[in-house]
Amino acid sequence: MKSHARVVVIGGGVVGCSVLYHLTKAGWKDVVLLEREQLTHGSTWHAAGGFHTLNGDPNVAKLQGYTIGLYDELEKISGESCGLHRSGGLMLADTHDRMDWLKMAHARARYLGLETEILSAKEAKQMMPLLEDKYFVGAMLDKADGNLDPYGTTHAYAKSAKIGGAEIYLKTKVEELKQRADGGWDVVTNQGTIVAEHVVNCGGLWAREVGRMVGLELPVLAMEHMYLVTDEMPEVVAFNKERGHELPHAIDFKSEIYMRQERSGMVLGTYERAGVPWSPKQTSWDFGAELLEPDLDRIAPSLAIGYKHFPAMAKAGIKKIINGPFTFSPDGNPLVGPVQGLSNYWVACAVMAGFSQGGGVGLALSQWMVNGDPGFDVWGMDVARYGEWATRSYTNEKVRENYSRRFRIRFPNEELPAARPQQTTTIYDLMVKNGAVMGDSWGLETPLWFAPKGVKRKDIFSFRRSNDFEHVKAECVGVRNAVGVTEIANFAKYEFTGAGAEAYLNRLMTNVMPKIGRLVLTPMLNEGGKLIGDFTIAKAAENRFVMWGSSQAQIYHMRWFEQHLPKDGSVTIRRYDMNLVGLSIAGPKARDVLQALTDEDVSNATFKFMDHRSMDIASVPAMVNRVTYTGDLGYEIWVAPEYQRRLYLSLLDAGKPHGMIHFGMRALLALRLEKNFPTWYRELRPIYGPFEAGMDRFIRLDKPDFIGKAQAVEEHASGGTLRRVSFTVQAKDADVLGDEPISYKGKVVGWVTSGGYGHFVDRSLAQGYVPKEFAGDLGMGAFEIELMGEQVKATIIPEPLFDPEGKKMRG
Ligand SMILES: Cc1cc2nc3c(=O)[nH]c(=O)nc-3n(C[C@H](O)[C@H](O)[C@H](O)COP(=O)(O)OP(=O)(O)OC[C@H]3O[C@@H](n4cnc5c(N)ncnc54)[C@H](O)[C@@H]3O)c2cc1C
């Protein structure tokens, strides 16, 4: 075995082999894979081998498309067969809601350039005669679906990697990882030690254990999974003979089964509701290429429905039943990337669909390692999307929930109940008493909307406008006309201190740091000049800055901040997490409410828009920012958690004479749409440049330097290719949500990033990206957006419909 390598990949499943191959493809040849047994001897060998492009996150869907397109290349390079069957697949809806969901998926596929088709139940039966069309209302055909041989495919990756210069050592178990002073690793194995610059955890079923070697508890858990293989079926033989090709794959949402042809019979697998975790605490190192005891009773409810929907299956003999474990993260997407707080430790695990996602994961991770950037928007699978609240038992509950819902649709307003409430603030119970309907925001219970007295605190799930509509409207109108209060504890908050803090922030951010007592809004760019953050920063004192950003991205951002810290110790970063919590008041009466709670002068002359002050509010020591995301006059008040209850109760008291109402996150997001404000994760992501996103006024090209400046200068000169635009939409009973295609003169040219109803301006609104050459067409209905299978007219609004001159927030 070698003594040194640039990269050691731990694990020879499909994911490790893909990472290894892609590293060689990206130009790193001194790379090694260590496998404790034989290749595929984790979850890979017994996979059913199905692949598809569909994913709830369009950026992950794109990477799935890449994976599926890769197999021909692998066969060519390696000379190994992947055993490909490109049969296409049907997703079958038994209700109109499920059909709405398929229509949304189809619309999204159109802008991703994926080939899907909406079919009637009769047309689906034509393609897949095993189904009883009376049980279905329609289907979506995805031509890219198919299946392959897991063993052959993994070996095709491995051989291609070896041809590219990689080495693979079998029967080599990594037992210990010791960090070296130079940031690299001593990789201690049962065959000796290799010194590596980087290690990649592709441990699959043992990813948790390989994480624990460096003190990391990854949110990943294996579930048992069963599929049946039938004997030869005369219906299948007849179909093949008559049509000259295989049956397509099928997914039946109702029974939660998937099926595909296997020789002259079928494979039928289930994601049953009563799924069972496997090795919930610790995976035994003795587990090998083994199967688990099948439990037909557990999948009987799914089979009963499946057999009714596909009667030929009920008559077929069962040749074998496979029960094997494979891993999931809490949301079902992979965990990929560098781990915050560790140097040169990378993960590529929790890949539940290795044959749909393995290629994309390998490509993204290798580019990240080699170029410092994944080259795609990989947020949906970034390991940094979880915080410390994603504990082992949280993961257990969420993974079981996710497994049981694998083929269930999620409504846009549906909050999933498992593992909640995980984190609550001290005013949680009071807000609930005041009618709050809570949602999960990065593990924290956060108010979505407030049910008035006598109204049930419950969402009715729908793709269309639902029961919260009129109440969110009342909240929006209440804010705009008087004043509202909401909790904003879920924002990310950081403190930067030290003699080097200002210079450091000026280098990281595109805007210039403010004077003491002032705030700035600022994007942050990566080296490629793309948006990787959007923050509000206050200069609280000399050498002390407080910053607010997106809650979901705080580990992602911390990773970046730490990577760029000066080595001289002149900057210290603190993530406040829940040690700083906040309430926001917004609306024309907000100043009156604030003034009633302090003896300091908060008039417009002394406490201006974008001012930041430390002061007592209701005797509570607070930091107050004169800013609000609603676009009104407003304040954010930040306090230590032990003061939040008093602050909240005092605000309610002081607000009473002014008709103060509660408002939740749904109203906040609707109000910001009326101001054309973008939001991180929807409009602001690493696929967009700052000028494309319309962030011009926060990009100080006159500053000496900042990360991404050269690219920003270039984008400014060329104008980039896209433009973020806001629309009014001629919607009827449903509003756009995000990811719908935007057409111009009948051709898909862009996509929606977010949408909703602007309750105060009384219009359905959307934001999205279109090529810059179309962004100037302000003609009525110049664009169309696909909404629930219908093309609805959309018109660009260059100015916000609410307070276009920003007089209210400044007044
Ligand atoms: C019944 C079943 C059906 C499935 N059907 C499909 C399907 O149709 N389509 C699909 O895409 N996916 C399917 N899957 C899921 C698929 O198997 C996984 O997505 C895939 O196997 C994940 O691969 P991996 O490389 O991450 O993990 P693994 O295959 O578990 O590989 C991890 C490897 O790391 C090695 N390793 C771990 N720790 C160490 C160490 N310390 N030192 C050295 N080596 C180590 C292990 O020996 C193992 O070989 C199915 C899974 C099951 C169980």
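Suppose the chain between LYS745 and ASP777 were pulled fully straight at 0.36 nm per residue; how much longer would it get relative to their current alpha carbon spacing?
Details: separation 32, 0.36 × 32 = 11.52 nm, distance 1.13 nm.
In short, 10.4 nm is gained.
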Exercise for review: Be a star and scan the range 552-573 for residues whose amide nitrogen sits under 18 Å from the point 7 Å along the Cα-to-Cβ vector of ALA503.
Suggested key: 562-573
Exercise for review: Write down Rg/Rh for the range 459-498, rounded to two decimals, with Rg from the C-alpha atoms and Rh from the Kirkwood relation over Cα pairs.
Suggested key: 1.23
Point to revise | Solvent-accessible surface (1.4 angstrom probe) belonging to MET233, in square angstrom, nearest 10 | key: 0
**Study point:** Estimated FRET transfer efficiency (GLN791, HIS245; beta-carbon r; R0 41 Å; 0.05)
**Key:** 0.75
Review point. What's the extension gain from LYS122 to SER343 if we count 0.36 nm per residue and subtract their Cα-Cα distance?
Key: 73.9 nm
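What translational diffusion coefficient, in µm²/s and rounded to a whole number, does the Stokes-Einstein relation yield for the range 254-325 at 37 °C and a viscosity of 0.692 mPa s, taking the hydrodynamic radius as the Kirkwood radius over Cα pairs?
In µm²/s, the coefficient is 237.
Please give the length that would be gained between ARG392 and ARG86 if that part of the chain were fully extended, namely 0.36 nm times their separation in residues minus their C-alpha to C-alpha distance (nm, one decimal).
106.3 nm
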Check your understanding: Each residue of the range 506-516 in order: what ³J(HN,Hα) in whole Hz does its phi give by Karplus 6.51 cos²θ - 1.76 cosθ + 1.60, θ = phi - 60°, with x for Gly and Pro?
Key -> 5, 7, 7, 9, 7, 8, 8, 4, x, 7, 4
**Study point:** For the range 174-325, projected area of the alpha-carbon convex hull averaged over all directions, nm²
**Key:** 12.4
Check your understanding: By how many degrees, between 0 and 90 and to the nearest 10, does the Cα long axis of helix 469-481 differ from the longest principal axis of the chain?
Key -> 30
Check your understanding: How big, in percent, is the set of alpha carbon pairs in the range 508-607 lying more than 16 Å apart?
Key -> 68
**Study point:** Nearby lysines by direct alpha-carbon distance to LYS807 (threshold 25 angstrom, same-chain neighbours under 8 apart not counted)
**Key:** LYS473, LYS515, LYS539, LYS589, LYS608, LYS675
**Study point:** Whole-angstrom Cα spans of the range 566-622 along principal axes, big to small
**Key:** 47, 25, 21
Review point. In terms of the Cα gyration tensor, with a ≥ b ≥ c the square roots of its eigenvalues, is the range 322-464 rounded because a/c is under 1.5, prolate because a/b exceeds b/c, or oblate?
Key: prolate
Practice item. Indicate the gyration tensor shape class of the range 1-49 (rounded, prolate or oblate), computed on the Cα atoms with a ≥ b ≥ c the square roots of the eigenvalues: a/c under 1.5 is rounded; otherwise a/b larger than b/c is prolate and the rest oblate. Key: oblate
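Do the alpha carbons of any pairs in LYS122/LYS308; LYS747/LYS772; LYS103/LYS398; LYS134/LYS254; LYS62/LYS162; LYS398/LYS732 sit beyond 24 Å of each other, and which pairs?
Flagged as over cut-off: LYS103/LYS398; LYS62/LYS162; LYS398/LYS732.
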Study note, to complete from the structure: Under 14 Å by backbone N from the virtual spin label 7 Å along Cα-to-Cβ at GLN282, the residues of the range 169-206 are none
Check your understanding: How far apart, in nm, are the 7 Å Cα→Cβ label points at ASP295 and LYS315?
Key -> 3.3
Practice item. Please give the per residue accessible area of the range 434-513, computed with a probe of 1.4 Å over protein heavy atoms only, in Å². Key: 34
Review point. Which trypsin sites (Lys or Arg not before Pro) from the range 461-528 combine a DSSP loop assignment with at most 10 other Cβ atoms within 10 Å?
Key: LYS515
Exercise for review: Any chance you could look up the accessible area of GLU495 with a 1.4 Å probe, heavy atoms only, rounded to 10 Å²?
Suggested key: 30
Review point. Shape call for the range 382-466 from the C-alpha gyration tensor, a ≥ b ≥ c root eigenvalues: rounded (a/c under 1.5), prolate (a/b greater than b/c) or oblate?
Key: oblate
Study note, to complete from the structure: A convex hull over the alpha carbons of the range 415-531 yields, per residue, a volume in Å³ of 206
Review point. What do you get for Rg/Rh over the range 44-107 if you use C-alpha atoms and the Kirkwood form of Rh?
Key: 1.06
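If the only charges are +1 at each Lys and Arg Cβ and -1 at each Asp and Glu Cβ, what is the size of the charge dipole of the chain around the Cα centre, to the nearest 20 debye?
Numbers: 93 positive and 98 negative charges, 173 e Å.
Dipole about the Cα centre, nearest 20: 840 debye.
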Exercise for review: Along Cα→Cβ, 7 Å out, is where each label goes; now give me the distance between the ones at SER3 and SER614 in nm to one decimal.
Suggested key: 5.6
Point to revise | Efficiency of FRET between TYR135 and ARG110 - r from beta-carbon atoms, R0 35 angstrom, step 0.05 | key: 0.80
**Study point:** Of all DSSP beta bridges in the chain, antiparallel share, percent nearest 5
**Key:** 85
Check your understanding: Quick one: what do you get for the chain if you divide its Cα Rg by 2.2 N^0.38 Å?
Key -> 0.98
**Study point:** Helix 641-655 axis, angle to the chain major axis (alpha carbon atoms, nearest 10°)
**Key:** 60
Review point. Could you work out the helix-only [θ] at 222 nm for the chain, with each DSSP H run of four or more residues adding -39,500 (n - 2.57) and the total divided by the number of residues, to the nearest 500 deg cm²/dmol?
Key: -8000 deg cm²/dmol
Review point. In nm, to one decimal, how far is the ASN526 label point from the LEU701 one, both placed 7 Å along Cα→Cβ?
Key: 2.3
Review point. Between the DSSP loop rule and a limit of at most 16 other Cβ atoms within 10 Å, which GluC sites (Glu not before Pro) in the range 119-212 are left?
Key: GLU132
Point to revise | Label-zone membership for the range 668-691, site GLU714, 7 angstrom Cα→C-beta point, backbone N under 20 Å | key: 685-691
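If you take all C-alpha pairs in the range 1-147, what percent of them are over 28 Å apart?
Within the range 1-147, distances greater than 28 Å cover 36 percent of Cα pairs.
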**Study point:** Residues LYS453 and GLN179, FRET efficiency given R0 of 60 Å [Cβ-Cβ distance, rounded to 0.05]
**Key:** 0.55
**Study point:** 3J(HN,Hα) from dihedral phi, the range 425-439, Karplus parametrisation 6.51/-1.76/1.60, rounded to Hz, x for glycine, proline
**Key:** 8, 6, 10, 3, 5, 5, 5, 4, 4, 8, x, 5, 9, 9, x
**Study point:** Residues of type aspartates and glutamates that LYS656 reaches as a straight line, Cα spacing below 14 Å, ignoring anything fewer than 8 places off in the same chain
**Key:** ASP592
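The values are calculated or read from the model by the stated rules, or taken from the named source; none is laboratory data. Fair warning: this is a prediction, and the values are worked out from it, not measured in the lab. FYI the Cβ positions are ideal-geometry reconstructions off the backbone, even for glycines, and counts take in every protein chain you see. Only protein heavy atoms, including side chains, enter the accessible area calculation; ligands, DNA and RNA are left aside. Shrake-Rupley method; radii C 1.70, N 1.55, O 1.52, S 1.80 Å.
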